[in-house]
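**Student:** Below: one structure in structure tokens.
The values are calculated or read from the model by the stated rules, or taken from the named source; none is laboratory data. For clarity, every value in this text was computed on a predicted model and none was experimentally measured. Quick reminder, even Gly has a Cβ in these numbers, built from the backbone with ideal geometry, and neighbours come from all protein chains shown.
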């Protein structure tokens, strides 16, 4: 069962923005913040965390739309991004007049990544976003910048003539019922099965549990009925030159991902243009996907220089390189 439900917001040759819905929860994450006019206010109001790769116009122009949809809500909107992202967000907020705000309006928390350090800052409606409040700094371990009970988010440094980040969203290992073992078990499936699964996934300390009229130890039920499987992983790489360092970082970030969203700004034949502009080609994207052993690669962020009718051919170049 998929925990993340990712969808590219825009057509493949327009602004980058990946919406990741969290299954069975009324919230979403957003990776990059290109034009968001295709999202409804309701879609944008469900966004709680935004992961910015870099602040070129096509990756950040949707910021104002996102703020407009959320400004009246009593919520905190988290932004993650490279060095100077806090200053840039603060300057954007200072560009408007906020005299009608109250304390119950939108709060903004900014997580700025610089090498292996994470700085946390905040903007509050109580002072009309005038001050960027420094909260804390912490060292990052294993490139993990955010974690919840069911998943964690990692980052990787890329090169686009400016600091640029790639991101991966990895679900923790999940407990699954072994159907063959369940068929051989002496009790028919019931609500007790979900209860045991919840205990395992929440790591609640329980010694034993009753199944119908019989008492079993949790360790026995775990071994007898369940198996642990890797969770879902979504990786996102965009706007980077293809060199030894970024190749290694990209492969590590996307390793064994279920889906890799990888920019493919140029066709394989335009490799010189890709190198000059610090972008990837279709062939390079496929090479990264292959060496990272991902299950599926989705090319996006194609250059507007290519007609829409050519995109299927560019996708084929990615697949050919991926499967080569």
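**Student:** Do we have residue 86 as assigned to a helix (DSSP H, G or I), in contact with a strand residue (DSSP E or B) (Cβ under 7 Å, 6 or more places away or on another chain) and within 29 Å of residue 5 (Cα to Cα) here? Break it down stepwise before answering.
**Tutor:** Numbers: assigned to a helix (DSSP H, G or I): yes; in contact with a strand residue (DSSP E or B) (Cβ under 7 Å, 6 or more places away or on another chain): yes; within 29 Å of residue 5 (Cα to Cα): yes.
When the stated conditions are applied, residue 86 passes them.
**Student:** If you don't mind, another one. Can you give me the number of residues within segment 266-282 that are touching a helix residue (DSSP H, G or I) at 6+ places or on another chain (Cβ under 6 Å), surrounded by 21 or more Cβ atoms within 10 Å (Cβ to Cβ) and farther than 14 Å from residue 250 by Cβ?
**Tutor:** Total satisfying the criteria: 2.
**Student:** To continue, here is another question. Please go through segment 271-288 and give me each residue that is part of a helix (DSSP H, G or I) and either touching a residue at least 12 places away in the same chain (Cβ under 8 Å) or touching a strand residue (DSSP E or B) at 6+ places or on another chain (Cβ under 7 Å) (or both), ordered by number.
**Tutor:** The initial filter retains those residues of segment 271-288 that are part of a helix (DSSP H, G or I), namely 271-277, 282-288.
Within segment 271-288, 271, 273, 274, 275, 277, 282, 283, 284, 285, 286, 287, 288 meet the criteria.
**Student:** Can you find, within segment 21-51, the residue that is farthest from residue 239 (Cα to Cα) among those that are touching a residue at least 60 places away in the same chain (Cβ under 8 Å) and surrounded by 23 or more Cβ atoms within 10 Å (Cβ to Cβ)?
**Tutor:** So in segment 21-51, the residues touching a residue at least 60 places away in the same chain (Cβ under 8 Å) come out as 29, 31-32, 49, 51.
Next, only the ones that are surrounded by 23 or more Cβ atoms within 10 Å (Cβ to Cβ) stay: 29, 31-32, 51.
Details: 29: 20, 31: 13, 32: 11, 51: 14 Å.
Going through the qualifying residues, I end up with 29.
**Student:** Just one of 174, 147, 157, 87 is modelled with pLDDT of 95 or more, closer than 29 Å to residue 23 by Cβ and either surrounded by 15 or more Cβ atoms within 10 Å (Cβ to Cβ) or out of contact with any helix residue (DSSP H, G or I) (no Cβ under 7 Å at 6 or more places or on another chain) (or both); which is it? If you could, list the steps in order and put the result at the bottom.
**Tutor:** Values: 174 fails: modelled with pLDDT of 95 or more; 157 fails: closer than 29 Å to residue 23 by Cβ; 87 fails: closer than 29 Å to residue 23 by Cβ.
One residue alone meets the criteria, 147.
**Student:** Would a scan of segment 248-260 turn up a residue that is touching a helix residue (DSSP H, G or I) at 6+ places or on another chain (Cβ under 7 Å), within 30 Å of residue 57 (Cα to Cα) and in a loop (DSSP other than H, G, I, E, B)? Please lay out each step first, then the result.
**Tutor:** We begin by selecting, within segment 248-260, every residue touching a helix residue (DSSP H, G or I) at 6+ places or on another chain (Cβ under 7 Å); these are 250-251, 254, 260.
Filter once more, so that each one left must be within 30 Å of residue 57 (Cα to Cα): 250-251, 254, 260.
Narrowing further to those that are in a loop (DSSP other than H, G, I, E, B): none.
For segment 248-260, residues touching a helix residue (DSSP H, G or I) at 6+ places or on another chain (Cβ under 7 Å), within 30 Å of residue 57 (Cα to Cα) and in a loop (DSSP other than H, G, I, E, B): absent.
**Student:** If I ask for residues that are buried (at least 22 other Cβ atoms within 10 Å of the Cβ) and assigned to a loop (DSSP other than H, G, I, E, B), which ones from segment 56-82 would you list?
**Tutor:** Within segment 56-82, 62 is the sole residue that qualifies.
**Student:** Does residue 236 fit the bill of being assigned to a strand (DSSP E or B) and surrounded by fewer than 22 Cβ atoms within 10 Å (Cβ to Cβ)?
**Tutor:** Details: assigned to a strand (DSSP E or B): yes; surrounded by fewer than 22 Cβ atoms within 10 Å (Cβ to Cβ): no.
Considered against the rule, which asks whether it is assigned to a strand (DSSP E or B) and surrounded by fewer than 22 Cβ atoms within 10 Å (Cβ to Cβ), residue 236 comes out as no.
**Student:** Looking at 36, 30, which is the one that is touching a helix residue (DSSP H, G or I) at 6+ places or on another chain (Cβ under 9 Å), assigned to a strand (DSSP E or B) and closer than 19 Å to residue 106 by Cβ?
**Tutor:** Values: 36 fails: assigned to a strand (DSSP E or B).
None of the others qualify; the one that does is 30.
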